[in-house]
Amino acid sequence: MDHPTTRTPEAAHFPLAIIGAGALGLHFAARLAPRLPVALIARNAERAAALRGGVEVGEAVFRPRAFAAEAPPTADWVIVLVKAGDTARAAEIATRMRPLGVLSLQNGLTAELLRAHCTAAQVDQGITTEGAYRDGGRVLPSGAGETLVPVGFEPVAEMLRCAGLQARVEPDIVRARLAKLLVNLAINPLAALFRVPNGALLEPPHRALLDTLVREALPVLRAHGLDLDERAALARVHGVATATARNRASMLQDVLAGRPTELDAITGALLRMADAGGFEVPTHRAVQTLVRAIERAAFDSPRGRG
């Protein structure tokens, strides 16, 4: 007989499922599970079984109702929390779950890629400033944030609120996504390049480069609907760096772990917008080249190859 902590859960229908069993996916699932049945979709059967045996999230051991990506249950709503490079596969998994809607809470801009591979009636992208990171085998929350979802995803916002998370429907989700992209464009690549926590980017010599990235990106993002002037844009980025001063940005975590980063969905998204609009963004292009070089070096290390 299987041990009860490793038995495959019944493939029942769930009100909510989360695709992505990384730190943030586990953080969300652990908060939601006491309030409603939530399915957590892991990359394979081995990982799903390990998760069902228990994982430390915050101060408690969490035993999620975890499923392998190749055998997901059905669900009313699906949240996608995989790395940007895994978006197409996540979209295909979500389609098999036959949901009413699929919501990305990923970094960068992934909505179009998700729509291209997913046939659900509603597919869109929100934003979240919830944070979590791995510390060995543990998952540690890194500060409460807010989750904004597009119109049409009211049930998802309600489920998140019932779990004690800050969540609301944002009618102008496009501008909200662009504002978060601006923050990611400035903080994530520099944290990865200099291998420093977010707050260190506000100090010399990093501060000048941080502000240059903000100023360079701003005309491109304003052309797509961002309604911040330079002072407000700098204040937003500085505010996030201050509020998350001790955090390691996700791109830095990826580099240290020898994993591919989400550079293409963040800096790459800006470069594609700049090319289409005829904008010059030389500093962002230089940063992209440098982060790519670090990625290659990290992947070529024994840890990355393993």
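The values are calculated or read from the model by the stated rules, or taken from the named source; none is laboratory data. Values in this document were obtained by computation on a predicted structure and should not be read as measured data. So basically every Cβ, Gly included, is an ideal-geometry build from the backbone, and we count neighbours across all protein chains shown.
What the table shows:
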{"item": "Condition broken by residue 48, with the remaining ones in (1) surrounded by fewer than 24 Cβ atoms within 10 Å (Cβ to Cβ); (2) at pLDDT 95 or above satisfied", "result": "(1)"}
{"item": "From the options 239, 225, residue that is among the small types (Gly, Ala, Ser), in contact with a Leu (Cβ under 7 Å, 6 or more places away or on another chain) and surrounded by fewer than 17 Cβ atoms within 10 Å (Cβ to Cβ)", "result": "225"}
{"item": "Of all residues in the stretch 164-190 being in a helix (DSSP H, G or I) and of a type outside the set (A, V, I, L, M, F, W, C), the one that is farthest from residue 267 (Cα to Cα)", "result": "175"}
{"item": "Members of the stretch 122-176 that are touching a strand residue (DSSP E or B) at 6+ places or on another chain (Cβ under 6 Å), among the charged types (D, E, K, R) and in contact (Cβ under 8 Å) with a residue 60 or more places away in the chain", "result": "138"}
{"item": "Residue list for the stretch 85-103, restricted to those being in contact with a strand residue (DSSP E or B) (Cβ under 6 Å, 6 or more places away or on another chain), surrounded by 17 or more Cβ atoms within 10 Å (Cβ to Cβ) and hydrophobic (A, V, I, L, M, F, W, C)", "result": "90, 93, 94, 97, 102, 103"}
{"item": "Pairs where the first residue, in the stretch 183-205, is on the phi < 0 side of the Ramachandran plot and the second is at pLDDT 95 or above and loosely packed, with under 15 Cβ neighbours inside 10 Å, C-beta under 6 Å, 6+ apart", "result": "193/290"}
{"item": "Lone unmet requirement of (1) of a type outside the set (S, T, N, Q); (2) surrounded by fewer than 17 Cβ atoms within 10 Å (Cβ to Cβ); (3) in contact with a helix residue (DSSP H, G or I) (Cβ under 9 Å, 6 or more places away or on another chain); (4) on the phi < 0 side of the Ramachandran plot for residue 272", "result": "(3)"}
